[in-house]
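The values are calculated or read from the model by the stated rules, or taken from the named source; none is laboratory data. Note that the structure is predicted; figures quoted are calculated from it, not measured. All Cβ positions, glycine included, derive from the backbone under ideal geometry; neighbour counts span all protein chains shown.
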Amino acid sequence: MATSDTRFWEQLEILNAALPHGMRAAAGPEGAAPGSGVQPRFAHLDGHVLVRDADADRAVAAVQDLLPGPDAVRVTGARHAGRGSVRRLAVGSRDLHRTVEHLAGENIASSLVHFVSVAGVNLCPGDEPVPSAGPLNPPLSGRDRGENVTVAVLDTGLVHDYLDHQWLAQSSGVPDIPLVTGDVTAAGDELDADGLIKPYVGHGTFIAGVLRCVAPAADVRVHNVFPYAGAALEDELGQTLLRIMDTHGWPDIISLSAGTRTGNAGELLGLAAFMDELAAHPGTLLVAAAGNDGETLPFWPAAYAAEPVNVSGDVVISVGALREDGLGRACFSNHGNWVTVYAPGERLVNAFTSGPYQYGYPHRTTCRFSDQGLYPGCSCLATLQDGDKATFTGLAEWSGTSFATPIVAGLVAARMSQEKVSSRAAAADLMAGRLAVPDLSGLLR
């Protein structure tokens, strides 16, 4: 079995261990299984398909025609009236792919229920941090960069000791810097039964730190929207995002470093209502990570950057990663005409948490993206082995499009405060080359 496939199955086990009783994540596309020869590309909820709420009754009737029997299909999940909601159909036969094809033939939009995740199946960096002794470089010059700009980081929340990092809190070293706020993880919940840092615990904290280094005056709120080992079901995520916007209001910028590929490369049905409302709020920009698969297949929701949702303006910016030396795209970064901008994504250093961490995957001394060629300092080369342990003391070095994303969000925030323009206008300036991009080498090791 290819090592990348091995890593996918290990990550799927981590996801399944985090799911509530009665839920099980399965691999897609059709036929993906250990040793099958079909490369796994995404995770979805086993035994369920997704349809629009308005189509639920017709969908049930259609599936009953396809799969007769008293337990062939049933509707599950809560109805959220008036928000363009979706419903899950529990398909008793588990014949999900056949069900989706049949519903398409009946002109009923449906899909698998995908897991949106901060994890990827890339083999090198992108999903495991490395301890850093620092020091963390100070924020870019201009302490008012991002002033009066609100940014929502939709991620894994903040670690319990995040206020120890001066870029995330007021301190004597950097006076008058606003607090970063949001969902804080209890110290005990950051560790597993063996006392080791759980996967992706510091992901949201790291992203908030990178963002504030680029826009040190931005008002940042970090939300934990990925409860299952850094993952969430697309329909649950869509409703969670709408609730956050209802509670806290629509921010100037949303930074989202997560996503998934899909069964038919099409958009996420579970996020359709959120994307519609986002398009209708012209003061909000979504900055989304392009993913770490080294491919051109669309990665959602970043791929909305190329979809009709952007007809009315720059609603979505999708962010790929640059090499540490700045001489091109990082080998792990997704790319294609749906990726709109690239920013540094190798070996950034920022806030993490403290404690022991065990590496769960075999790293390699060769790059699996060999068709793209190796380059000096390629972050897909590592000496860490499966089972190796490391101790973190508050800072990490991390690579991935996840961390290029808050750099772009921070640049947009800084442009907004300096030029007194909206987030979408600032994004348009970035895309048109009118935004002067500062030297970001200070964010690297």
Of residues in region 316-344 being buried (at least 24 other Cβ atoms within 10 Å of the Cβ) and among the β-branched types (Val, Ile, Thr), the one farthest from Arg424 (Cα to Cα):
Val339
Which one of the conditions (1) at pLDDT 95 or above; (2) more than 28 Å from Tyr357 (Cβ to Cβ); (3) of a type outside the set (Val, Ile, Thr) does Asn224 fail to meet, given that it meets all the rest?
(2)
List pairs: first residue in region 178-197 and over 16 Å from Gly360 (Cβ atoms) and in the same structural domain as Tyr162 (by TED's automatic domain parsing), second residue outside any loop (DSSP other than H, G, I, E, B) and among the aromatic types (Phe, Trp, Tyr) anywhere in the structure, Cβ distance under 8 angstrom, at least six positions apart or on different chains.
Val180/Tyr162; Val184/Tyr162
Given (1) modelled with pLDDT of 90 or more; (2) touching a Leu at 6+ places or on another chain (Cβ under 8 Å), identify the lone condition not met by Gln170.
(1)
By residue number, the members of region 416-431 that are touching a Pro at 6+ places or on another chain (Cβ under 9 Å) and either part of a loop (DSSP other than H, G, I, E, B) or not basic (Lys, Arg) (or both) are Ser422, Ser423
Residues in region 349-374 that are modelled with pLDDT under 90 and not in a loop (DSSP other than H, G, I, E, B) total 4
